Structure formats: structure tokens, C-alpha cells
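Read the structure below first, then the notes.
The values are calculated or read from the model by the stated rules, or taken from the named source; none is laboratory data. Remember, it's a predicted structure, so these values are computed and weren't measured experimentally. Cβ: placed from backbone, ideal geometry, glycine included. Neighbour counts: every protein chain shown.
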Amino acid sequence: MPTVVQYRGAFVESRHPFTVACARAGGEVTLAGPALSTTFRSASKPFQLATSLEVLGFPEVDEAWLAVGAASHNAEPRHVALVEAILARFGVEASGLRCGAHAPVHVPSAEAVVRFGGTYTALHNNCSGKHAFMLAAARHAGWGPDYRPLSHPLQQRVLERLRGWTGEVTGTGTDGCGVPTFVQPLQAVARGWLAVAEAMRARDGVLGRIGWAMARHPALTSGEGRLDLDVVTLASEPLAVKVGAMGLFCMALPERQLALAVKLEPGTNEALPAAVAWALAHFAPGSFSPPPDWTHVQVRNVVGDVVGHWSAEP
């Protein structure tokens with residue numbers, strides 16, 4: 001079983017087993033590690049966004065809007081401005097967002113809001129891009145304004161479409177932002193992301209548009225200092241990637257018609273960078289070369305000294 005080991009100095013401080021599902025063209029799925037199921041969480045955003053765009057009649061929108069619509073963004077000023085532009089384009093108000101307010105993930109942006117006397121709103125929620133499109137879709141279709149419950153027509157359509165893309169949904173729960181999240185075998189998650197890779201390769205359809213928006217604008221799907229941004233920036237070929245939550249990370253590699261879903265069994269997000277690098281080296285050699293001093297695998301103490309590292313081992 002592949003495992004991420006955290007070292008403090010030369011001492012092994014913790015171990016974090018993980019599984020990788022690799023889906024290839026034709027539907028073949030290979031597992032490294034034990035079979036497991038997972039919640040899809042934020043790694044399902046491209047599929048949720050695609051469904052909202054379908055309800056809206058597939059409008060022509062800027063790639064930057066698609067990137068932030070599929071994002072778990074930092075709520076840097078550029079992210080917030082894009083969400084505001086989406087709301088204005090479809091004639092809906094920020095007050096209709098049901099994702100809840102929290103401080104921006106990006107600490108300098110959070111500090112700036114307070115420094116200038118502002119308050120945190122739903123626009124600062126890392127899921128506000130997805131929710132802006134969901135709100136617009138519900139309004140366009142004449143459905144109820146609370147688009148979050150599983151019983152809502154929008155969420156029923158998301159569930160139906162997701163079954164088609166992944167082949168299997170075994171259950172549902174409630175995500176942190178209030179909308180449904182989906183429970184699936186990791187192989188099904190990888191098949192969904194293979195649909196993104198294949199649509200990108202064909203340069204066809206709504207999933208292809210979303211995938212290329214994520215690949216071309218990784219700073220909008222995540223933000224400064226984030227793993228998603230680093231993986232895409234350091235890759236030697238186009239990638240669309242998305243962090244989930246609780247140790248899930250998904251990747252579409254269109255040139256190889258291949259998709260990877262990585263899941264840390266303990267849900268340890270700090271261990272993800274080492275697991276992601278291992279998965280790419282194992283299943284897509286040559287696609288990703290992090291620098292020797294890659295900050296995402298360093299363990300630092302409070303004063304900033306490097307005191308250990310994360311390493312993935314077979």
C-alpha cells in the first residue's frame with residue numbers, strides 16, 4: 001500500500017496510507033492501494049458547474065468565469081470580482097447565495113477586509129463561484145431560490161448527470177457549503193475525471209471548456225500558495241486539477257487521455273502533495289517534476305525553519 005510518511009528530522013512521526021485510481025481511455029481503471037469509497041466534495045465542481053451551464057442553455061462566458069465557477073478559491077480580490085461579474089451577468093444578487101460567509105482562505109486578503117472595515121460575506125466563501133452559477137441556473141429555470149437540498153430540481157439533475165459521467169453514485173451527504181456531496185468508489189471518481197480529460201482532448205462539450213479553463217487559469221481555481229496552482233504550473237503538459245476535501249485530489253491529463261484520483265485514507269490534506277507527486281510519477285512519468293526544495297513537502301516550525309519533510313513510499 002502506498003503511504004506518505006512524515007519525517008521530523010530523521011524520525012518517522014506519522015504514516016498516511018493512500019490509494020490512487022487511474023482511469024484510461026476505454027474505461028480501464030487501475031488501483032494502487034486498497035479499494036475504497038470517498039465523498040467527492042469539491043472535486044465534483046466541474047460536474048456541478050457543467051450542469052448549471054446546461055440549465056442556463058450553455059451561455060458563452062469568459063474562461064475566467066468558468067475557472068472560478070469550478071474553484072475552491074482563495075477569495076483574493078480577483079476571485080471576488082469575478083463572482084460579482086457572474087452574478088451581474090445573470091441578474092442575480094449576492095444576497096441569494098446560500099453558501100455562507102467565511103474569511104478568505106488567503107490570509108492577506110482576509111486581513112485586508114478587516115483593515116478596511118469590511119465584513120466577510122458569502123462572496124468570500126471558497127465555493128461562491130459554483131454557487132453563483134447554481135443560483136443563476138435555479139432563477140433561469142424558475143425553480144425555488146434555495147437550490148441546496150437534494151430534492152431541488154437542480155441537484156437532482158446534478159445527480160443524474162454525475163451518474164452518467166462516473167457510472168456510479170452510491171450515496172449522498174451534505175457538503176460544507178450546503179449542497180449535496182456524492183459518495184462513490186474511488187474508481188468512479190477517476191472515471192468522472194477521465195470524462196474531463198477526454199473532453200479536453202477532443203476540445204468538445206461543456207466539460208472540455210471547463211477543463212481547459214482550469215488548466216489555463218489555475219490561479220483562479222485555487223490561488224496564491226495553493227497545491228492546485230503549483231501542480232499545474234510545474235507540470236510539463238496541460239493538466240486540469242482539483243482538490244476535494246479530507247485528502248482527495250483529482251487530475252485530468254488530456255494528452256494521455258488519463259485521469260487520476262488520489263485519496264488519503266486518514267483525510268490528511270498536509271500529506272496530499274507527496275501523494276500527488278507519487279501518483280503522477282507512477283502513472284504519468286515525465287508529467288511533473290517538483291523542485292528539490294518544493295515547499296509543499298517541507299515541514300516547518302513556527303519560526304519558519306525546515307525541520308522535516310513528507311515523502312511518499314510504496
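Would you mind finding the one in R226, R163 that is surrounded by fewer than 22 Cβ atoms within 10 Å (Cβ to Cβ), under 30 Å from A281 (Cα atoms), under 14 Å from the mean Cα position of the chain (by Cα) and not hydrophobic (A, V, I, L, M, F, W, C)? I'd like the intermediate steps shown before the answer.
Numbers: R163 fails: under 14 Å from the mean Cα position of the chain (by Cα).
Selected residue: R226, the only one of R226, R163 that is surrounded by fewer than 22 Cβ atoms within 10 Å (Cβ to Cβ), under 30 Å from A281 (Cα atoms), under 14 Å from the mean Cα position of the chain (by Cα) and not hydrophobic (A, V, I, L, M, F, W, C).
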### Message
Quick test of your reading of the structure: A112 fulfils all but one of (1) in a helix (DSSP H, G or I); (2) surrounded by 15 or more Cβ atoms within 10 Å (Cβ to Cβ). Name the failing condition by number.
### Response
(2)
### Query
Yes or no: A71 within 16 Å of the chain's Cα centre (by Cα), in a loop (DSSP other than H, G, I, E, B) and not aromatic (F, W, Y)?
yes
### Task
Enumerate the pairs (first residue in the range 21-41 and farther than 18 Å from E313 by Cα and modelled with pLDDT of 95 or more; second residue anywhere and of a type in the set (V, I, T) and not in a strand (DSSP E or B)) with beta-carbon separation below 8 Å, excluding pairs fewer than 6 apart on the same chain, so at least 6 apart or on different chains.
S37/T170; T38/V189; F40/V189
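Is at least one residue of the range 125-137 buried (at least 22 other Cβ atoms within 10 Å of the Cβ), assigned to a helix (DSSP H, G or I) and more than 20 Å from the chain's Cα centre (by Cα)? Don't jump to the end; show me each part of the working.
Looking only at the range 125-137, we keep the residues that are buried (at least 22 other Cβ atoms within 10 Å of the Cβ), and these are 125-137.
Restricting the remaining residues to those that are assigned to a helix (DSSP H, G or I) gives 128-137.
Within this subset, residues satisfying the condition of being more than 20 Å from the chain's Cα centre (by Cα) are 136-137.
Checked against the condition, which is being buried (at least 22 other Cβ atoms within 10 Å of the Cβ), assigned to a helix (DSSP H, G or I) and more than 20 Å from the chain's Cα centre (by Cα), the range 125-137 yields at least one hit.
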### Message
Condition check: more than 28 Å from S37 (Cβ to Cβ), touching a residue at least 12 places away in the same chain (Cβ under 8 Å) and not small (G, A, S). Does P292 satisfy that?
### Response
no
### Summary
Over the range 231-246, the set of residues touching a helix residue (DSSP H, G or I) at 6+ places or on another chain (Cβ under 6 Å) and surrounded by fewer than 24 Cβ atoms within 10 Å (Cβ to Cβ) is V232, E237, P238, V243, A245
### P218, sole failed condition from (1) more than 12 Å from the chain's Cα centre (by Cα); (2) surrounded by 20 or more Cβ atoms within 10 Å (Cβ to Cβ)
(1)
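Every residue, every condition in (1) of a type outside the set (A, V, I, L, M, F, W, C); (2) over 19 Å from A190 (Cβ atoms); (3) under 16 Å from the mean Cα position of the chain (by Cα), yes or no:
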position	(1), (2), (3)
P266	yes, yes, no
V276	no, no, yes
F288	no, no, no
P292	yes, yes, no
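Okay, residues lined up against (1) farther than 26 Å from T39 by Cα; (2) touching a His at 6+ places or on another chain (Cβ under 9 Å); (3) modelled with pLDDT under 95; (4) of a type outside the set (S, T, N, Q):
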position: A110; (1), (2), (3), (4): yes, yes, yes, yes
position: N125; (1), (2), (3), (4): no, yes, no, no
position: H131; (1), (2), (3), (4): no, no, no, yes
position: S151; (1), (2), (3), (4): no, no, no, no
position: R157; (1), (2), (3), (4): no, no, no, yes
position: T174; (1), (2), (3), (4): no, no, no, no
position: V179; (1), (2), (3), (4): no, yes, no, yes
position: P185; (1), (2), (3), (4): no, no, no, yes
### Message
If L82 satisfies all but one of (1) surrounded by fewer than 16 Cβ atoms within 10 Å (Cβ to Cβ); (2) touching a helix residue (DSSP H, G or I) at 6+ places or on another chain (Cβ under 9 Å), what's the number of the condition it fails?
### Response
(1)
